[in-house]
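Presented below is the structure to which this report refers.
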Amino acid sequence: MSLKNAVIDSLLNHRSVRRFKDEPIEPEVLEMLLKSGLRAASAGNLQSYSLIVVDDREKKEELSRACGGHQDFIADAAVNIAAVVDQFRFKKWVELNKGHFHADYAITLFIGFWDAIIALHNIVVAAESIGLGTCYVGNFLSVDIQSLFGTPDYVAPAGLVSIGYPDEEPELRPRLPLEAVVHRNSYRVYSDEEIRSLYRVMDDRWKSFSEEGRKRFVESGVLNVAQYVTLMHYTEEFIRSESEKLLQNIKKAKFKL
Ligand SMILES: Cc1cc2nc3c(=O)[nH]c(=O)nc-3n(C[C@H](O)[C@H](O)[C@H](O)COP(=O)(O)O)c2cc1C
């Protein structure tokens, strides 16, 4: 058995791309990407998701603003694909057939997230395998998709990816070593020494910041990468406000939590 093929090569070479050429994606390419998404496994083969393709210039700008307005690559990408949990379509089918709709519980919401993200990641893998660049956008979870896309009840945001022809070739970004992430048969709780050793690759990112950047961080009391991540990048205020908006989205979509 060969442990090397085009799929594995593509996966092992993944890097997020945030600069795109001003070039559209050909319709047959987009169709292939979407078909790759729909071929993904889904719970009960019910495909509890929808994919919203955003390629209109104005809509891309609106989407970029809705995602916080600080990520220009969303508007610059040839296409953005928003994956949403969709129990609305299922509800209509069930009710037309005199079945009973009860897919508005937490479990069906979370299963819908699986379905949506697995389909979206199939699209990412297919896109990268043919040389397209991709970048996920986490802020999408807090976007008011009812206002932005006119989604009905029982539809909630799951994931967003921007896709286009790359205009940059970023370096491979570091990953934790296998031993940091993989457990065998039961969870092995880490000692402090292990954490220090396993996170060395992340702690070393400090050196990759510019001298000027590091100086600025130190002046604001930020002395290492963990402090940068939690006190400057993903601040508690940001996490709390994004969470509140996400929960609002779920409630507005009438899911029972
Ligand atoms: C769930 C998720 C949300 C993400 N959100 C963003 C985002 O909002 N903006 C962004 O520039 N990158 C985003 N990314 C990309 C990550 O920053 C990126 O995957 C990570 O830094 C590792 O870099 P790499 O993908 O190039 O290896 C996201 C990735 C994931 C999986």
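In this structure, the amide hydrogen of residue 49, modeled 1.01 Å from its nitrogen in the peptide plane, lies closer than 5 angstrom to those of 86, counting only residues at least 5 positions away or on a different chain.
Listed by chain and number, the lysines whose alpha-carbon sits under 19 Å from that of residue 92, ignoring those within fewer than 8 places in the same chain, are 252, 254, 256.
Centroid-to-centroid, using Cα positions, the stretch 198-245 and the stretch 1-45 are 31 Å apart. Local charge for residue 15 was computed over the other residues whose Cβ lies under 14 Å away, with Lys and Arg +1 and Asp and Glu -1, and equals -2. Of 34, 223, 141, which has the largest mean-square fluctuation in a 10 Å C-alpha GNM of the chain? Checking each option, the largest mean-square fluctuation is seen for 223. Exposure proxy shown here: for 228, 165, 49, the number of other Cβ atoms within 10 Å sets the order, fewest to most, as 165, 228, 49. Adding -39500 (n - 2.57) for every DSSP H run of four residues or longer, then dividing by how many residues the chain holds, sets the calculated 222 nm ellipticity at -12500 deg cm²/dmol. Put a dot 7 Å past the Cα of residue 232, heading toward its Cβ, do the same for residue 169, and the two dots end up 3.0 nm apart.
Taking N as the residue count of the chain, its C-alpha radius of gyration divided by 2.2 N^0.38 Å amounts to 1.13.
In a reduced charge model with +1 at each Lys and Arg Cβ and -1 at each Asp and Glu Cβ, the chain shows a dipole moment near 860 debye about its Cα centre. Normalised by the number of residues in the stretch 9-124, what is the relative contact order in percent for Cα pairs under 8 Å and 6+ residues apart? Here the relative contact order equals 37 percent. Specify the residue with the greatest mean-square fluctuation among 28, 168, 128, computed from a Gaussian network of the chain linking alpha-carbon atoms under 10 Å apart. Comparing 28, 168, 128 in the GNM, the peak value goes to 28.
Taking 171, 194, 244 in turn, the Gaussian network model of the chain (Cα-Cα springs below 10 Å) assigns the largest fluctuation to 194.
Placing +1 on each Lys and Arg Cβ and -1 on each Asp and Glu Cβ, with no other charges, gives the stretch 16-94 a dipole about its Cα centre of roughly 480 debye. Mean sequence separation of contacting Cα pairs (under 8 Å, at least six apart), scaled by the length of the chain, corresponds to a relative contact order of 25 percent. Across the stretch 178-238, Cα-Cα pairs farther apart than 15 Å form 60% of the total. Need one number: nm distance between label points at residue 93 and residue 240, each 7 Å from Cα along Cα→Cβ, rounded to one decimal. Spacing of the two 7 Å Cα→Cβ label points: 4.2 nm. Between the amide H of residue 255 and those of 154, distances stay under 5 Å, these residues lying 5 or more places away or on another chain, with hydrogens modeled in the peptide plane. Amide H contacts of residue 20 (H built 1.01 Å from N, in plane; Pro and chain starts excluded): 167 sit under 5 Å, all sequence-distant by 5 or more or on other chains. For the stretch 77-192, the convex hull spanned by the alpha carbon atoms encloses 195 Å³ per residue. Annotation: peptides 99-109, 69-79, ranked by per-residue average of other Cβ atoms within 10 Å with the highest first, follow the order 69-79, 99-109. Using +1 at the Cβ of each Lys and Arg and -1 at the Cβ of each Asp and Glu in the stretch 31-112, identify which of 80, 110, 34 lies farthest towards the dipole's positive end. Toward the positive end, the furthest listed residue is 110.
Bear in mind that the values in this text are calculations on the coordinates, not laboratory data. Here the structure is a predicted model, which is why all the values come from computation and not from measurement. Here Cβ is always computed from backbone atoms with ideal geometry, including for glycine, and neighbour counts include all displayed protein chains.
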